[in-house]
1. Using helices alone, what [θ] at 222 nm do you get for chain A, with -39,500 (n - 2.57) per DSSP H run of 4 or more residues, divided over all residues and rounded to the nearest 500?
2. Once you've got the GNM for chain A with C-alpha springs shorter than 10 Å, pick whichever of A:29, A:197, A:16 has the biggest mean-square fluctuation.
3. Around residue B:150, under 9 Å between beta carbons, what's the net of Lys plus Arg minus Asp minus Glu among the other residues?
4. Could you grab the relative contact order for chain B? Cα pairs under 8 Å, six or more apart, rounded to a whole percent.
5. Loop-only check: which trypsin sites (Lys or Arg not before Pro) in segment B:97-131 are DSSP coil with at most 16 other Cβ within 10 angstrom?
6. Mind checking which of A:96, A:49, A:146 has the largest fluctuation in a GNM of chain A, springs on alpha carbons under 10 Å?
7. Which far-off residues, 5 or more places away or on another chain, put their amide H under 5 Å from the one on residue B:294, with H placed in the peptide plane?
8. Rank the residues B:60, A:215 as a footprinting-exposure proxy: fewest other Cβ atoms within 10 Å of their Cβ go first.
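Read-outs: derived from the displayed coordinates by stated rules, not from any lab. Keep in mind it's a predicted model, so treat the numbers as computed, not measured. For neighbour counting, all protein chains shown are included, and Cβ atoms are generated from backbone atoms with ideal geometry for every residue, glycine included.
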Amino acid sequence: MTYAAAAAVLPRSRSSHRVASVVAALLASLFLLFLFAPIVRLVVSGGAGGVTRLFTDSELRGALWLTAVTATSATLLGVLGGTPLAYLLARRAFRGRAVVAALIDLPLLIPHPVAGIALLLVLGRESAVGSALLQAGIRVAGSPVGIVCAMLFVSAPLYVSAAREAFARVDPRYEAVGRTLGDPAWRVFRRVTLPLSLRGLIAAGVVMWARAVSEFGAIVILTYNPKVVSVLSYDRFTGFGLHEALPVAAALTILALIPLTLLRALRPESGAGVAP
Amino acid sequence: MTAKPLASILAIVALVAGCGGNDAGSANRIVVFNAGSLAIPIRVALDSFAAREHVTIAQENAGSLETARKLTELGHVPDVIALADYEVFPHYLMPDQVEWYMDFARNRMVLAYTRQSRFADEITSDNWWKVVQRPGVQVGRSDPNLDPNGYRTLLTMQLAEKHYGVPALSDSLLAHAPDNNVRPKEADLVGLVQAGEMDYIWSYESLASAAGLKMVRLPAAIDLSSPADSAAYASVQVRVRGRTPGDSVTFRGQPIIYALSIPKRAPHMALAERFVAYLMSDEGKRLMRATGLDVLDAPIVVGSGVPDAVAAAASPTARADSGAQ
């Protein structure tokens, strides 16, 4: 039952409805103001400088490029590993599902420098995995690999929980129909589940990517050089002060808007779920 | 029903309004910003001071320059500021933020390591510069553009080249501590050497000792600890990033001196004065020394307008030539 339908059956006076709408609108405006005022202030203060520096500051361009590549790699890895997991959590009743579902959120809970240290213990050159990687010529700490690992760790849980919800919203009866038509499980997933959940999966991927771009605490433990934008803005702030950090932060904000808008636009906004 | 959301809005507004300017929020709180390498000595003294004065403490650890930026750029003003390099005071904080500073401790550069570090059994004060160049040895250092320890590392490498008379030793030592082994400040490296990611890190004696790390003591001629060697230290210099991009500053070698001050706009001035006096008392010195910090017997005050309580704890003398020029 939608909210509107529920509201309609409840006996309520017209004026109390109006007060409720005003209060809701007021709350929503305050909330939006809280979210957007800092960003608008940031872009107003540093926007022009940020755009200029895109042409003059090669270190900033390098950091933006590195951020885009590492955040995208982390997101692709998150989608690759997180999608099957999210599907299992949404569709299969297995022993310990509740435990796994709770554990998935754990990386969100851990302070990010702590996450960086934990990753170092598992992926550092003294660890089994780390020394094997080192044999293959890959050192996690101090390299882009470390950046991807840090981003993946802190942002993948967001993808998994959102993807799980997207799968859960698909009506199992459609999948059952597919199976009764003799399709193997994989084809049912590809032809029924995936198209029906795609919007939610893309939204989950966007959130994960955005979170990866913003990561600082875990990255700086693993890899300070080469610098991603979050590290560069910290470096500029510490080394030069606010007036040099603002353009870096503003440039990131402006550029990040492009993929975010494009991906949101890609999603078919059918209007489903919005009460008339 | 509708009264509830309204009440929550009012509550939120009140909360937001209450957040403004709460720096001086509690009269029973002392706020200290200090360099990362002072975290433990200051903390120990703070805990003891807080217990006797019945106050709570708020301590923020960060790089010395980052700490200075908190005052100049963010307008966050602590009661006491203590930095790993006294020069940050005249360069960044005087005269707007502070009018005086007090040199109160000294330190030395060391190579810190753990029992697990490669060649830990072999390294000595004599062969360290050969050991750190062996294949597979990872050496970490902090960012010379952000952290005094970072450029002091570069100065130490140059002094080592002179001291041992090995041509190009400085470049070679630097090549064995490459960019991807750099972290923002020296305190960030401690975890890396403990986790085995680095075998040796360039650090301070105080930090290595407080963190329980093993360390290679370097000859006094290169470890920047000895005021008597000021002239020799000043023979090397390093160029790092300046105050604006493209700009650069030159730092000459000089002894490592820690300094502290009370900002002009400290929210709890009286408490700050009592804390600094306590730091310089016999008990304060003893507590800090127990953590490995080399506290000066006679602190040196530079500048004017020193509070009486602080002046009484230290005996202000004219600053001896720092050897900076």
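1. The helix-only estimate for chain A comes to -26000 deg cm²/dmol at 222 nm.
2. Result: A:16 has the largest fluctuation of those listed.
3. So the environment of residue B:150 carries a net charge of 0.
4. Worked out over chain B, it gives 25 percent.
5. Listed in order of number, the matching sites are B:115.
6. A:96
7. Excluding prolines and chain starts, which carry no amide H, the hits are B:106.
8. Ascending Cβ contact count within 10 Å gives the list B:60, A:215.
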